[in-house]
Amino acid sequence: MNRLRIVLGLWTALFCALLLWPAFGQTPPVSWPQRTVRFIVSLGPASGVDISARLFADRLTGRWKQPVVVENRPGGDGVVAITAFIGARDDHAILYTPTSSFTAHPYQLDRMPYDSRELSPIARVSNTVVTLAVPVSLNVGSVGELIALIRKQPGKLNYASATGMTDLIFDGYFKSAGLSITRVPYREVVAPVTDLGEGRIQAYVGSYAIVQPHLQAGKVKLIALTSSERPSFLAQVSTVAEAGYPQLTFDGLVGLFGPRTMAAAIRDRIAADVKAVASDPIIIDRLTATGQVISLGGAAEFAASLEAQREKLAAIAKQLGLKPAQ
């Protein structure tokens, strides 16, 4: 009798567990957001990243039933936006930025003004298409021809780039190849393209969106893309890898970061919602128009992409003899 009671008890427990299994297997709903969400953007109004941030903010406002506002904090190659974001200490503040705005900071700043561990990847959103452009007047039609001209005229040509990351990548290549070309620093990203069109600098590495007006005016031309793959809207332009210079390859990652204290469930919720609204044809069309390609990924995928970028920059910095700032 005792054995029968034990068996019946075990079967009853198993039956109850099976009834409760769906409840245990479900992820509890995340009660977030509970108030206005802020997208802190590291670039100014009307930039490609700003446009995409506003598109996603609009769609997510409808999905989250809470306002999502965009705050532009340009300056310092991302430092202004990052320090504002970290200082907020708020799980309703999200940093929306290209990773090129900060990955080179340890090698270009005398002292790090923030702790990068405070940036917790949430989602990869897009890739900004980055181009290598030259003035039409230079009569150069490929990366190989540009390299040959630099070699032929050491120290006489000038170039500029949009971010610290592109500075490191191109400076590293030029040093490894024994090439002498002067990098001209600019405070903002529009002036060098104007100088490029006028022939005052001979090469520029920056986003397609910035170069596009001068390209349409017939003053500059694209000789390569730094992207891993050609986007459909620039299928006629070779990548640097296809041109024989894989060392210059990098993708302009753009994504969302939360504070280090943000719960993983909230980060997963945000990433899932970003993925859900990214299929909107209007978002895809507008991103294409601003030289961006949808490239979605969750927190783990974004973190892996970011780590690969950091490893590449660390190797280049070592080659250039640069030590990371503390």
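Here are the numbers for this structure:
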{"quantity": "Failed item, numbered, when GLY141 is tested on (1) without any contact (Cβ under 8 Å) to a residue 60 or more places away in the chain; (2) more than 19 Å from PHE257 (Cβ to Cβ); (3) over 20 Å from the mean Cα position of the chain (by Cα)", "calculated": "(1)"}
{"quantity": "Selected residue (criterion: surrounded by the most Cβ atoms within 10 Å (Cβ to Cβ)) from residues of segment 213-236 that are in contact (Cβ under 8 Å) with a residue 60 or more places away in the chain, in a loop (DSSP other than H, G, I, E, B) and more than 21 Å from the chain's Cα centre (by Cα)", "calculated": "LYS219"}
{"quantity": "Positions within segment 144-191 being among the aliphatic types (A, V, I, L, M), within 26 Å of the chain's Cα centre (by Cα) and within 24 Å of GLU242 (Cβ to Cβ), in sequence order", "calculated": "ALA160, ALA162, MET165, LEU168, ILE169"}
{"quantity": "Extreme residue, farthest from TYR159 (Cα to Cα), among residues of segment 194-209 that are without any contact (Cβ under 8 Å) to a residue 60 or more places away in the chain and part of a helix (DSSP H, G or I)", "calculated": "THR194"}
{"quantity": "LEU119, sole failed condition from (1) under 19 Å from PRO213 (Cβ atoms); (2) among the aliphatic types (A, V, I, L, M); (3) not assigned by TED's automatic domain parsing to the domain that holds ALA217", "calculated": "(1)"}
{"quantity": "Residues satisfying the stated conditions in segment 237-251, i.e. in contact with a Gly (Cβ under 9 Å, 6 or more places away or on another chain), at negative phi and outside any helix (DSSP H, G or I)", "calculated": "ALA243, TYR245"}
{"quantity": "Number of the condition not met by ALA308 [criteria: (1) aliphatic (A, V, I, L, M); (2) without any contact (Cβ under 8 Å) to a residue 40 or more places away in the chain; (3) assigned to a loop (DSSP other than H, G, I, E, B)]", "calculated": "(3)"}
{"quantity": "Residue satisfying all of: in segment 268-296; buried (at least 19 other Cβ atoms within 10 Å of the Cβ) and not in a helix (DSSP H, G or I); modelled with the lowest pLDDT among these", "calculated": "THR290"}
{"quantity": "Those helices (runs of 4 or more DSSP H) lying entirely in segment 44-108 with at least 2 residues touching a Lys or Arg at 6+ places or on another chain (Cβ under 9 Å), at pLDDT below 95 and among the aromatic types (Phe, Trp, Tyr)", "calculated": "none"}
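The values are calculated or read from the model by the stated rules, or taken from the named source; none is laboratory data. This structure is a prediction, so every number in the text was calculated from the model and none was measured. FYI the Cβ positions are ideal-geometry reconstructions off the backbone, even for glycines, and counts take in every protein chain you see.
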